[in-house]
Structure formats: structure tokens, C-alpha cells
Amino acid sequence: MRLRQLGTCLITLLILCRALHAADTKADAPFGVPSDDAIAKATKLVRQTFATEYAAATNLTQRAALARRLLKEALDTKDDVPARYVLLCECRDLAATSADAPTACRAIDQLVKTYGVAPGEMTLSALSTAARVALTAPGQESLARCALLATDAALQRDDYDLAARLATLAEATATKSKKIVLLTDAQEKVKEVNWAAQEYAQAKSALEALNTKPDDPRARAAAGRFKCLVKNDWEHGLPLLLECADARFKLLAEHDQAAQTAGATVQARIADQWWELGEGYLGRARIACRTRAAHWYKLAAPKLSGIQRTLAEKRLDEIDLARLREMNLAPGLSAEVFEGQQFGKS
């Protein structure tokens, strides 16, 4: 099986399983945070039930093990909403104080999905706590990776202040991990956040201007770039760029529109142009450009031949590999694909 076919299968299967899991939990989530009285009672129950384990958890390793035990217990608790909430909170706090950033983030993810809590400041607090006790290079590395993922989530929510703080944390911990590639990623993420924040500020003003002057070419340029490059929303971004003041993006949008009724060679050409544009950007903007390029490569590739087809297929392979890396996967993985995934209701 070709690499691209394997990657596509893995991605599709993972997304399907996540969608099924989301469908299972949608009916009963979020519950909302339990009352203070219910939390107090549940806390007493949890502390009594695991009194021996709490007493024995006197070092980082033991606290991390207890955190993972409480996370499993939370996922297995179906009929006691307050107890599950407390188990997740206890897991989060224990994991953070034992430098187990991935487990803390899994607990926060469940709190968000099940109880509708806001993840931003909670995640930053947990990762900042973990940073104070993460003494080993592997611990710093896993913490930095969690911070990078949290930064992307904050960017997706347009929370640029939080994203900047998370990116700074990722850079600091990546430095301590002594992983050059990871440090480079973190440094680029800091730059990406600064760029995205500037694009957002311009787009916010532009979108307000378009409410009264929908044909304003400067406003259309700022809003269109933001939707395409920052939000990866080509459906709404490209029409804005068609009549905008940015000559480069206007031309690309015109070529993109023309490709809809053109042959494979023209479609491959606009794919190349979006790909080349992305080479000048970092992070999400590069991914967004490659996403648009992939749209045209997939349409064109079956009708291309020779080196043009080879180039299109190689770039599609590269895009799929990037997606696998984003999900912490790699070609050839099997059971690892579903690590941390809970099937059925939780």
C-alpha cells in the first residue's frame, strides 16, 4: 500500500473513531460543573476510597501513577457525575504536580468534553505547575509538546494572549529538553502566534468595516487573508480575495476560481502556486496553503502523467505525513493509533 494510501486510511479511521466517540458522549455532555455541595461530598468519597494510595504517593513517580489510576477510574465512572468530576480534577492536579503533563491534559480534555469547563487558563496553570517540577529532559520534552498542542488550541479559539503565554512556556521547556528540533518548533510557534495575533487584529477591524462597506478592497484583503491563512476557511476567504487590494492574493484567487472549470494541468499549476506561497509562512498558514494545494493536487493527479504526477503525489504524501505528525502518529503504527482513545460512552 502506498504511503499516502496508508496515511489516508489511518487518518480517516482515527477521525471516524473520534467522531463515533463524540456522538456517544454528545447526548450527555456537557453536564455542567456540579454544585459546591456535590463536589465536597464527592471529594470526601474519593479521598476515602483511595486513602491508602494517597498516603503512599510521596514522590513524583507515585503521584503520577495515582493520577493515571484516577483517570482510569473517572473514565469507568458512568453513573456518578460529581464523583467523575472530582476524579478528573484530582487526576489533573496530581499529574501536574508530578510533571506528567500528558495525563494532566487528558484529564482537562475530559473535563472540557463532559462538563463544559473552559480549557485555556486551566491548561496553562497545569502546565506551569508541571514545569516547576519537571527535572528530567524527557519530562521537559513531553511538557513542551503538550504546550505546543495547547497553543494551537488557543489559536483556534482566537485567544492570542493565552497562545502567547503557552508558546513561551513551550519554548522555555523545549530549551531545557535539549531537543534541537523541538526547540526550533517552539521558537517558530512563538513567531507564528505573534503573526496570527497581528492578522487577527487587522481582520477584526476589516470585518467591522465590511459591515458598512462590503466592497472595501483593503478590508477584503485583510479579512480574506485571515480566513484563508489563519482559520483555513477557504470557502469564505477566497471570495473576499477575488476583489481585494492585495495584488498577489487577488491573482491567486482568480487562478483558483479559473481552475474549477479547467483541466488537470491548470489545476496542478494553481496547486503549485498555493504550495509555493505556503513556503513563505510558518505553522498554520503553511498548513492552510498546503491544504488548498492538496485540494487541487487530488483532483489533478489521476489525469497527470510523468514528473507532474510524481510531484503531485509526493506533495500529497508530505501533507499526509504532516497530518500524522500532528496527531503524534507515524507510518506503520497500529495499536498506537488509538492510544488514549476511549471507545463507547465515557
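Quick notes on this one:
- Residue list for region 126-156, restricted to those being under 19 Å from ARG106 (Cα atoms) and outside any helix (DSSP H, G or I): ALA134
- Scanning region 39-66 for residues that are hydrophobic (A, V, I, L, M, F, W, C), touching a helix residue (DSSP H, G or I) at 6+ places or on another chain (Cβ under 8 Å) and within 30 Å of THR136 (Cβ to Cβ) yields VAL46, PHE50, ALA56, ALA57, LEU60, ALA64, LEU66.
- The one condition in (1) without any contact (Cβ under 8 Å) to a residue 60 or more places away in the chain; (2) more than 28 Å from GLN62 (Cα to Cα); (3) surrounded by fewer than 21 Cβ atoms within 10 Å (Cβ to Cβ) that LYS178 fails to fulfil: (2)
- Region 289-309 - residue that is small (Gly, Ala, Ser) and closer than 28 Å to GLU199 by Cβ and, of those, surrounded by the most Cβ atoms within 10 Å (Cβ to Cβ): ALA293
- Residue count, region 269-285 (criterion: in a loop (DSSP other than H, G, I, E, B) and in contact (Cβ under 8 Å) with a residue 40 or more places away in the chain): 2
Let's see how each residue does on (1) open to solvent by 40 Å² or more (accessible area, probe 1.4 Å); (2) within 25 Å of ALA322 (Cα to Cα); (3) touching a residue at least 24 places away in the same chain (Cβ under 8 Å); (4) in a helix (DSSP H, G or I):
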site: ALA221; (1), (2), (3), (4): no, no, yes, yes
site: ALA245; (1), (2), (3), (4): yes, no, yes, no
site: ASP256; (1), (2), (3), (4): no, yes, yes, yes
site: ALA262; (1), (2), (3), (4): no, no, no, no
site: GLN267; (1), (2), (3), (4): no, yes, yes, yes
site: ILE287; (1), (2), (3), (4): yes, yes, yes, yes
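The values are calculated or read from the model by the stated rules, or taken from the named source; none is laboratory data. For clarity, every value in this text was computed on a predicted model and none was experimentally measured. Ideal geometry is used to build each Cβ from the backbone, glycine not excepted, and the neighbour counts take in all protein chains shown. Please note that ligands, DNA and RNA were not included when accessible areas were found on the heavy atoms of the full protein model with its side chains. Shrake-Rupley method; radii C 1.70, N 1.55, O 1.52, S 1.80 Å.
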